[in-house]
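Note sheet for the following structure.
The values are calculated or read from the model by the stated rules, or taken from the named source; none is laboratory data. It should be emphasised that the depicted structure is a prediction, and the values quoted were computed from it without experimental measurement. Positions of Cβ are backbone-derived with ideal geometry, glycine not excepted, and every protein chain shown enters the neighbour counts. These area figures cover heavy atoms from the full protein model, side chains too; ligands, DNA and RNA do not enter into them. Shrake-Rupley method; radii C 1.70, N 1.55, O 1.52, S 1.80 Å.
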Amino acid sequence: MLFLCNCASYNSRVAPYYKKISEGNFQEAEQNLSKIALLKKPRNKLLYLLEMGRVSHLNGDYEASNNYFNEADRLLEIGLSNVQDAVVGVVLNPMAQNYKGEDFEKFMVHYYKALNYLYLQKTEDAIVEARRITLQTQEQSDKFNNRENRYTKDAFSLMLQGMIYEHDRDFNNAFIAYRNAANVYLGSSDSTSYGIKIPFGLKYDVMRMAYLNGFDSELQHFEQLFKIPYEHYIPGEGGELILFWENGLAPIKQQEEILFSMIKGSDGDWFFTNSTGTIYIPVDRDVYKGGSSLNDVHTIRATLPRYISSAPYYSEARVEVDNETLYFEKAEDINVLAVETLKQRYTKEIGKMLTRLAVKKTAEYVLKESAKGTGKDGKDNVLLESLGFGVQLYSLLSEKADTRNWQSLPNEIYYTRIPLKKGTNNIVLHLIDQEGNEQADTITINGNGRLQFVSYPTLR
């Protein structure tokens, strides 16, 4: 029974909260969340704050939402790794360690904080958040030394940064941010970033900001690069609305079990390999350089996290305003980001885990071997033998993959710009599900001549 309980994933233990989120019942979701004991544990404090910030945002309580996100920010800044936490990870499992957040989750904190500040008419605070996106980007780039095969920059966050500067009529910084976002896409051979093609809207925004700043050479450069002749667009008298459509829920993590075999190379070094031979990972030499023997370790049962994705209920959407139809462009695909960033760190994490399991397995064999014939009248030592079985049972029960993640994030984020007239604007959002059924909702916005923002969640 204990084994079964330990195998329950994070998702299954917090299921009532996520069920209410997917049903759109955010009030009850917040009530459920506040009662979940698992998330009240100190090691899950960051995850609790992220979820509370998210559900408060969904409930329109933007002050409370930012209070939670600010506390989450504070935890991320002071760091969640320490010696005690590292020891827990070695002797127990990563699920027992402090939750430190996925890298893309840290960028999403800035997205929601900036939206909260804009909704609260706190433009200066939103600008501060925009600047923090630059710092987060630098930190992420430094973490992986700008390696091309790692997640070092988030194009959507840089686009958002440009939008916030544009809202503040800071066209120079808006141009820099849009250009930086475009460069993330242009840095790849197919102008994509984690499953997203460079949006046409971003191409136009780069050129538009170059035009407004009088950067003629830059404008010509991007016209040639994008093969788009620039035509200046003047927003409506009521300004513009940037409508974010947050569709579906982020993938969940589940535990996957894999059997690994240990083999010894011709040079005496040990390696782990799976049954198909597609994974080949060397054992840390520190494990056996002190005299530990791995000769008796043949197979190891490993537990790994993997993302399980579900297709969003809605497959497409469009907006209609004043007899004009506008379409969304995808700006962020968290489903792809989650899977790809997990792959990027796969080899490093699996190496640590397998080495830890090998040490446990070695200790088990050493105790059982020592028990043979060392007891009373030459019989096996019962105490040592029991300890060996104890280590075996402990290894079995304690091994668990970390299946925690911020699951109320959207699966994907789309955006579109909508010109506004002065006064009341009724914007009709048409949502089409996987079977082609359509439903509509109306968003009412007061055109005030400024750039405004609205996020519309469909988290089914």
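Residues that are at pLDDT 75 or above, surrounded by fewer than 16 Cβ atoms within 10 Å (Cβ to Cβ), in a loop (DSSP other than H, G, I, E, B) and among the hydrophobic types (A, V, I, L, M, F, W, C) do not occur anywhere in region 316-327. Selection within region 402-443: residues that are open to solvent by less than 10 Å² (accessible area, probe 1.4 Å) and aliphatic (A, V, I, L, M). The member of this set that is farthest from Glu349 (Cα to Cα) is Leu420.
Among the residues of region 132-143, is any surrounded by fewer than 18 Cβ atoms within 10 Å (Cβ to Cβ) and touching a Ser or Thr at 6+ places or on another chain (Cβ under 6 Å)? Within region 132-143 (the criterion being surrounded by fewer than 18 Cβ atoms within 10 Å (Cβ to Cβ) and touching a Ser or Thr at 6+ places or on another chain (Cβ under 6 Å)), the answer is yes, since at least one residue qualifies.
In the condition set (1) over 22 Å from Met353 (Cα atoms); (2) over 18 Å from the mean Cα position of the chain (by Cα); (3) open to solvent by 40 Å² or more (accessible area, probe 1.4 Å), Ser56 is compliant with all but (3).
Restricting attention to region 177-197, the residues being free of Cβ contacts under 8 Å to residues at least 24 places away in the same chain, within 15 Å of Leu225 (Cβ to Cβ) and not charged (D, E, K, R) number 4.
When Gly291, Gly265 are screened for being open to solvent by less than 50 Å² (accessible area, probe 1.4 Å), over 30 Å from Glu148 (Cβ atoms) and either modelled with pLDDT of 75 or more or not charged (D, E, K, R) (or both), only Gly265 passes.
The set of residues in region 172-197 that are at pLDDT below 95 and buried (at least 21 other Cβ atoms within 10 Å of the Cβ) is empty. For region 74-87, the criterion of being among the polar types (S, T, N, Q), open to solvent by 30 Å² or more (accessible area, probe 1.4 Å) and part of a helix (DSSP H, G or I) is met by at least one residue. Reported count of residues in region 60-73, each being open to solvent by less than 40 Å² (accessible area, probe 1.4 Å) and either touching an Asp or Glu at 6+ places or on another chain (Cβ under 8 Å) or of a type outside the set (Gly, Ala, Ser) (or both), is 3.
In region 202-211, is there at least one residue being open to solvent by 30 Å² or more (accessible area, probe 1.4 Å), under 31 Å from the mean Cα position of the chain (by Cα) and either among the charged types (D, E, K, R) or under 30 Å from Glu102 (Cα atoms) (or both)?
Pass one, region 202-211, residues open to solvent by 30 Å² or more (accessible area, probe 1.4 Å): 203-204, 211.
Now narrow it down to the ones that are under 31 Å from the mean Cα position of the chain (by Cα): 203-204.
So of that shortlist, the ones also either among the charged types (D, E, K, R) or under 30 Å from Glu102 (Cα atoms) (or both) come out as 203.
Scanning region 202-211, I find at least one residue that is open to solvent by 30 Å² or more (accessible area, probe 1.4 Å), under 31 Å from the mean Cα position of the chain (by Cα) and either among the charged types (D, E, K, R) or under 30 Å from Glu102 (Cα atoms) (or both), so the answer is yes.
Please verify whether region 219-236 includes one or more residues that are touching a strand residue (DSSP E or B) at 6+ places or on another chain (Cβ under 8 Å) and surrounded by 20 or more Cβ atoms within 10 Å (Cβ to Cβ).
To start, the set of residues in region 219-236 that are touching a strand residue (DSSP E or B) at 6+ places or on another chain (Cβ under 8 Å) comprises 235-236.
Now drop any that are not surrounded by 20 or more Cβ atoms within 10 Å (Cβ to Cβ), which leaves none.
Looking for residues that are touching a strand residue (DSSP E or B) at 6+ places or on another chain (Cβ under 8 Å) and surrounded by 20 or more Cβ atoms within 10 Å (Cβ to Cβ), one finds none in region 219-236, hence no.
Being of a type in the set (Ser, Thr, Tyr) and over 23 Å from the mean Cα position of the chain (by Cα) is a description that applies to Tyr165.
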